[in-house]
Amino acid sequence: MAATLIDGRAVARSLKEELSVRASEMIARGVMPHLAVVLVGENPASQVYVRNKENACVKAGIRSTVIRLAEDCAQQELEDVVASLNADGGVHGILVQLPLPGHLDEARVLRMIDPNKDVDGFHAMNSGRLMNGQPGFVPCTPLGVMKLLEAYDIPVRGKHAVVIGRSNIVGKPMAMLLLAADATVTICHSRTQNLAEITRQADILVAAVGRADFVTGDMVKPGAVVIDVGINRVEGKLVGDVDFESVSAVAGYLTPVPGGVGQMTIAMLLANTLDAAGGRGE
Ligand code: NAD
């Protein structure tokens with residue numbers, strides 16, 4: 001039987017509607033939620049991501065400001081921008097679009113962002129809060145995955161969740177969120193041996209690898225929930241990390257690419273920005 005497709009577009013749409021109601025209530029109370037995005041250089045993918053974030057903010061009634069810096073900007077110039085956004089009481093969320101050009105110290109810049117404005121959830125303070133089970137900002141993509149599971153009433157407690165990928169942006173926070181939801185979690189990565197043996201044990205399998213068609217049907221337990229986080233461009237087409245044809249024949253649920261997880265990431269950014277404007281973490 002073919003897998004049920006998880007419609008990230010529909011879930012994101014209804015979340016965004018709720019968020020725009022929340023934004024207008026805030027504005028009525030005299031708080032204009034405001035996200036500042038810092039974009040360095042001309043990376044074409046980053047330009048698209050930033051434009052999408054801007055558009056989503058405008059649609060939701062959230063103010064968005066994009067600060068554009070030249071490709072060859074100095075570390076100090078970037079840090080000065082972050083410092084001034086930290087100090088600006090009218091800015092609630094700060095996001096530095098990654099990747100930064102190679103000459104810039106990314107980790108240092110992320111460390112500088114006020115943790116209470118860190119709507120991407122990449123600051124060590126927020127990863128620490130996630131690790132300790134305290135409230136804080138959670139990276140948008142894994143948070144979006146949890147919302148998708150919730151929207152489809154997919155039980156997580158006691159299930160075996162296998163996450164492929166251990167990045168700070170997706171894999172690790174994903175594993176922490178699944179653990180917090182009482183899953184038994186296994187994290188796999190580029191040095192994992194006998195990967196397919198492990199993935200075949202997964203009730204919930206999350207692929208965050210960055211390799212097209214990496215997960216195939218023979219790696220999936222029949223009926224499993226398969227979440228495809230990957231975004232890969234193959235011959236101009238967007239594809240995930242999951243081989244749709246073979247996996248959709250085995251899995252119980254599957255997120256398509258596009259139209260799955262990607263749609264949720266921006267919705268969660270808006271949610272985090274409203275949380276920041278409402279005083280989350282203070
Ligand atoms: P990354 O490159 O930082 O991490 C990839 C991970 O895959 C690594 O931890 C690595 O250990 C693991 N890996 C690589 N080869 C492997 C192998 N052969 N076997 C097992 N594991 C292997 O990437 P990332 O930032 O975590 O992103 C992962 C994917 O998710 C990318 O395609 C990215 O574009 C996508 N992504 C999507 C969204 C979204 O909104 N949908 C957001 C962020 C990232």
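Descriptive notes on the structure:
- The stretch 156-175 residues that are charged (D, E, K, R), paired with ones that are open to solvent by less than 20 Å² (accessible area, probe 1.4 Å) (beta carbon under 6 Å, 6 or more apart): Lys159/Ala183; Lys159/Ile204
- The stretch 185-210 residues that are touching a residue at least 60 places away in the same chain (Cβ under 8 Å), paired with ones that are part of a strand (DSSP E or B) and β-branched (Val, Ile, Thr) (beta carbon under 6 Å, 6 or more apart): Val206/Val163; Val206/Ile227
- Residue satisfying all of: in the stretch 1-32; assigned to a loop (DSSP other than H, G, I, E, B) and over 20 Å from the mean Cα position of the chain (by Cα); nearest to Val257 (Cα to Cα) among these: Ala3
- In the set (1) open to solvent by 20 Å² or more (accessible area, probe 1.4 Å); (2) of a type in the set (A, V, I, L, M); (3) part of a helix (DSSP H, G or I), the condition left unmet by Val66 is number (3).
- The criterion of at least 2 residues that are buried (at least 23 other Cβ atoms within 10 Å of the Cβ) is met by the following strands (runs of 3 or more DSSP E) wholly inside the stretch 192-263: 204-207, 225-228.
- Criterion: in contact with a Pro (Cβ under 7 Å, 6 or more places away or on another chain) and either without any contact (Cβ under 8 Å) to a residue 24 or more places away in the chain or more than 15 Å from the ligand (Cβ to nearest atom) (or both) - qualifying residue of Asn116, Asn132, Asn126: Asn126
- Extreme residue, farthest from Ala151 (Cα to Cα), among residues of the stretch 264-282 that are open to solvent by 10 Å² or more (accessible area, probe 1.4 Å) and assigned to a helix (DSSP H, G or I): Ala277
- Test: residue in the stretch 77-88 that is in contact with a Gly (Cβ under 9 Å, 6 or more places away or on another chain) and either of a type in the set (Asp, Glu) or in contact (Cβ under 8 Å) with a residue 12 or more places away in the chain (or both): no
- Every pair of residues 6+ apart whose Cβ atoms lie under 7 Å, when the first sits in the stretch 43-71 and is free of Cβ contacts under 8 Å to residues at least 60 places away in the same chain and at positive phi while the second is part of a helix (DSSP H, G or I) and open to solvent by 30 Å² or more (accessible area, probe 1.4 Å): Gly61/Ser20; Gly61/Ser24; Gly61/Ile27
- Residue in the stretch 162-191 that is surrounded by the fewest Cβ atoms within 10 Å (Cβ to Cβ), counting only those that are assigned to a strand (DSSP E or B) and away from the ligand (no atom under 11 Å from the Cβ): Thr184
The values are calculated or read from the model by the stated rules, or taken from the named source; none is laboratory data. Remember, predicted model here, so these are calculated numbers, not experimental data. Every residue, glycine among them, receives a Cβ derived from its backbone with ideal geometry; neighbour counts consider all protein chains shown. Ligands, DNA and RNA are excluded from the accessible area calculation, which covers all protein heavy atoms including side chains. Shrake-Rupley method; radii C 1.70, N 1.55, O 1.52, S 1.80 Å.
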